[in-house]
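Below you'll find the structure, written out as structure tokens, and then a few comments.
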Amino acid sequence: LEYVKHKLGFSGVEIGSNILGKPVGHPDLAPFFEACEAMDMAVFVHALRPVGMDRLVGPPALQQVLAYPSDVGLSAASAITSNLMVRYPKLRMAFSHGGGTLLSLLPRLQQAWGVFPALESSVQKSPAEQARSLYFDTLVFDAPTLQHLVKVFGSTQLMLGTDYPFNFHDHTPVQRLLDAGLDADTVQRLSHTNARTFLGMPL
């Protein structure tokens, strides 16, 4: 982090959705996130070495298509269940692919938080509230899903995603925002303003 910030002049770093099999919420990674918060470094999480590859039926490209968003969703869920943002409230952390499967997992996690005493006692803040302190990109390839992202996570927490230069990228990311019928202020936030906030840059 010292090198990336002070030698390269970067505002943040990218890490995998798991670190040698450990999810981002694993206790062993706490010193890293503590340092990120202290150094005001944003953290972007992208899928890497996803779980579930043995469950896929089809060509290798399905790793990007199906396994990546699954691993990102579990990674984001681990940030919530480990109270990562509660412990480091100034940490700015974003997840790729619209948070992957988290959008579908979150209602179950929220419901479980009020049902299972062990979960309620270990997760210090509402899962839904914690989720809205995270950032997510808009790379979901679908207008209704993008609209749902805005509704669930909030228009201040989403940033334009492309996956460029990989071949599975969105060639018209801004048009996606317009096709979703978002108002002008929301388009401005998603396409520009939120990214500057995430990176700690002046507006």
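The values are calculated or read from the model by the stated rules, or taken from the named source; none is laboratory data. All values derive from a computational prediction rather than experimental measurement. Don't worry about glycine lacking a Cβ; one is built from the backbone with ideal geometry, like all the others, and counts go over all protein chains shown. In case anyone asks, the SASA skips ligands and DNA or RNA and just uses the protein heavy atoms, side chains included. Shrake-Rupley method; radii C 1.70, N 1.55, O 1.52, S 1.80 Å.
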Original post:
For residue 143, what is the net charge nearby, where nearby means another residue's Cβ is under 15 Å from its Cβ and Lys, Arg count +1, Asp, Glu -1?
Top reply: -2
Original post:
Farthest toward the dipole's positive end in the chain, which of 141, 41, 161, given Cβ charges of +1 (Lys, Arg) and -1 (Asp, Glu) about the Cα centre?
Top reply: 41
**OP:** Please work out the average accessible area per residue across the chain, using the 1.4 Å probe convention, and give it in Å².
**Re:** 53 Å²
**OP:** On the protein heavy atoms, probe 1.4 angstrom, tell me the percent of accessible surface of the chain carried by carbon and sulfur.
**Re:** 59 percent
Original post:
When every alpha-carbon pair in region 1-119 is counted, what percent end up more than 24 Å apart?
Top reply: 32 percent
**OP:** Just subtract the alpha-carbon distance of residue 125 and residue 56 from 0.36 nm times their residue separation and send over the number in nm, one decimal.
**Re:** 21.4 nm
Original post:
Based on the Cβ-Cβ distance of residue 168 and residue 49, what FRET efficiency does E = 1/(1 + (r/R0)^6) give at R0 = 22 Å, to the nearest 0.05?
Top reply: 0.80
**OP:** Let me have the relative contact order for region 1-150, percent, based on Cα pairs under 8 Å that are six or more residues apart.
**Re:** 23 percent
Original post:
For the chain, modelled as a GNM with alpha-carbon contacts under 10 angstrom, which of 159, 53, 85 fluctuates the most?
Top reply: 53
**OP:** Grab the beta carbon distance between residue 83 and residue 147, set R0 = 30 Å, and tell me the FRET efficiency rounded to 0.05.
**Re:** 0.55
Original post:
Based on DSSP, what percent of beta bridges with both residues in the chain are antiparallel, to the nearest 5?
Top reply: 15 percent
Original post:
Across the chain, how many lysine pairs separated by 8 or more positions, or lying on different chains, have Cα atoms within less than 27 Å?
Top reply: 8
